[in-house]
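Please read the structure below before turning to the comments.
The values are calculated or read from the model by the stated rules, or taken from the named source; none is laboratory data. Fair warning: this is a prediction, and the values are worked out from it, not measured in the lab. All Cβ positions, glycine included, derive from the backbone under ideal geometry; neighbour counts span all protein chains shown.
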Amino acid sequence: MKNNNLLVVFATAIMIMMAACSNQQKLNMELWRASVENNWGFIDKQGEYVISPQFYFANSFREGLAPVILEEDGKEGYINNRGKIVINPQFDIAYPFKEGLASVKIGEKWGYINKHGKIVIKPQFGAADDFDEGRARVYLDGKWGFIDKKGEFVVIPQYDHVVNFNEGLALVEKDGKCGFIDKKGDYVIKPLFDAAEVFSEDLARVRLGFKWGFIDKQGKIVINPQFDVAYNFSEGLASFKQDGKWGFIDKQGNIVINPQFESAFHFKEGLAPVKIDGKFGFIDKQGKIVIKPQFDYVHEFNKGVAEFSLDGKLGYVDSQGNVIYLQK
């Protein structure tokens with residue numbers, strides 16, 4: 001009898017552990033927003049609804065929560081991966097969480113909440129962006145600066161334009177020139193450029209006059225400004241436009257995929273969106289078409305799935321080119 005009781009206890013413990021693992025898998029499940037007749041819900045990677053279409057609006061999941069609006073003219077709140085409302089609708093605008101905080105708008109001012117829905121940085125800004133690397137750009141009295149997670153200014157609002165920190169540096173613009181600052185607000189690269197973008201893979205695209213090139217983190221030009229347009233590096237390659245066509249270069253500035261596309265974006269998960277004859281598809285790093293151009297617009301791949309639009313409808317495609325969902 002004693003042995004039988006031990007077996008029952010053991011079996012019960014196993015079942016509890018399995019249930020706990022199953023619940024954790026559900027919480028960690030990747031979900032993508034989808035809609036039916038203007039009601040939004042969320043699907044899994046197989047295109048099956050996990051959260052039924054029931055929301056007037058739904059934003060993307062990030063850090064386990066997604067902003068939603070229950071009804072027209074309603075406030076925004078947040079749901080978890082099971083579709084349960086965990087932060088009641090109360091915000092005029094609510095953005096997805098980043099680094100544990102989310103920017104929200106109440107009335108005409110922006111502040112930040114934590115994942116319990118508690119206001120941790122009171123609404124006081126004209127605009128407020130996500131936190132990146134412990135800093136967030138905010139707009140106050142006509143200028144941009146940066147705050148930390150306590151809501152304290154680490155860079156006083158003084159710039160005409162800024163972009164969030166990436167790889168330890170932030171792009172700032174003042175009096176029509178762009179440079180880069182560190183997290184203390186000190187210039188690392190003086191404002192010498194007519195336009196620029198954040199660092200990615202240790203390089204940043206910059207414009208001098210009408211041409212784009214790339215600099216390193218010391219501000220040294222490593223790829224001479226020569227392109228009509230250029231995007232940041234991703235997975236070792238950057239797309240560029242020359243004489244009306246798009247191709248790709250490596251970090252030495254060598255052309256690895258000849259200019260031939262009407263448009264081209266970043267490589268993600270080994271594939272990049274390109275436009276041919278008015279339609280978007282995907283190529284690999286050899287320039288070979290992997291998913292034929294057929295979409296009106298596409299986003300880059302994220303965890304094996306890419307969002308697309310076709311004839312005004314939202315859809316998702318996997319990396320093999322299989323359409324897993326198309327809005328009805």
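Are any of the residues in the range 311-324 of a type in the set (Asp, Glu) and surrounded by 15 or more Cβ atoms within 10 Å (Cβ to Cβ)?
yes
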Before we move on, is residue 174 surrounded by 15 or more Cβ atoms within 10 Å (Cβ to Cβ) and either charged (D, E, K, R) or farther than 30 Å from residue 253 by Cβ (or both)? yes
Only one residue in 222, 229 is touching a strand residue (DSSP E or B) at 6+ places or on another chain (Cβ under 6 Å), surrounded by fewer than 22 Cβ atoms within 10 Å (Cβ to Cβ) and over 18 Å from residue 201 (Cα atoms). Which one? 229
From the set of residues in the range 190-216 that are touching a Phe, Trp or Tyr at 6+ places or on another chain (Cβ under 7 Å) and closer than 27 Å to residue 302 by Cβ, which is surrounded by the fewest Cβ atoms within 10 Å (Cβ to Cβ)? 201
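If I ask for residues that are outside any strand (DSSP E or B) and charged (D, E, K, R), which ones from the range 294-311 would you list? Steps first, answer last, please.
Step one: filter the range 294-311 for residues outside any strand (DSSP E or B), giving 296, 299-301, 303-304, 311.
Correct list: 296, 300, 303, 311.
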From (1) in contact (Cβ under 8 Å) with a residue 24 or more places away in the chain; (2) more than 22 Å from the chain's Cα centre (by Cα), pick out the condition that doesn't hold for residue 200. (2)
Taking the conditions exactly as written (of a type in the set (A, V, I, L, M, F, W, C) and more than 14 Å from residue 162 (Cα to Cα)), does residue 215 satisfy them or not? yes
For residue 325, are the conditions met, namely being within 20 Å of the chain's Cα centre (by Cα) and not in a loop (DSSP other than H, G, I, E, B)? no
Right, residue 284: farther than 25 Å from residue 40 by Cα, among the acidic types (Asp, Glu) and either surrounded by 15 or more Cβ atoms within 10 Å (Cβ to Cβ) or modelled with pLDDT of 95 or more (or both) or not? yes
When restricted to 95, 49, 56, 78, the only residue over 26 Å from residue 108 (Cβ atoms), among the aromatic types (Phe, Trp, Tyr), modelled with pLDDT of 95 or more and surrounded by 10 or more Cβ atoms within 10 Å (Cβ to Cβ) is 49
Among (1) modelled with pLDDT under 95; (2) surrounded by 15 or more Cβ atoms within 10 Å (Cβ to Cβ), residue 328 falls short only on (2)
When the residues of the range 109-123 are filtered to those that are part of a loop (DSSP other than H, G, I, E, B) and touching a strand residue (DSSP E or B) at 6+ places or on another chain (Cβ under 6 Å), which remaining residue is farthest from residue 176 (Cα to Cα)? 117
Filter the range 232-287 down to the residues that are aromatic (Phe, Trp, Tyr) and part of a strand (DSSP E or B) and list them by number. 240, 246, 248, 261, 280, 282
Restricting the range 124-156 to residues that are out of contact with any Pro (no Cβ under 9 Å at 6 or more places or on another chain) and in a loop (DSSP other than H, G, I, E, B), which is nearest to residue 106 (Cα to Cα)? 126
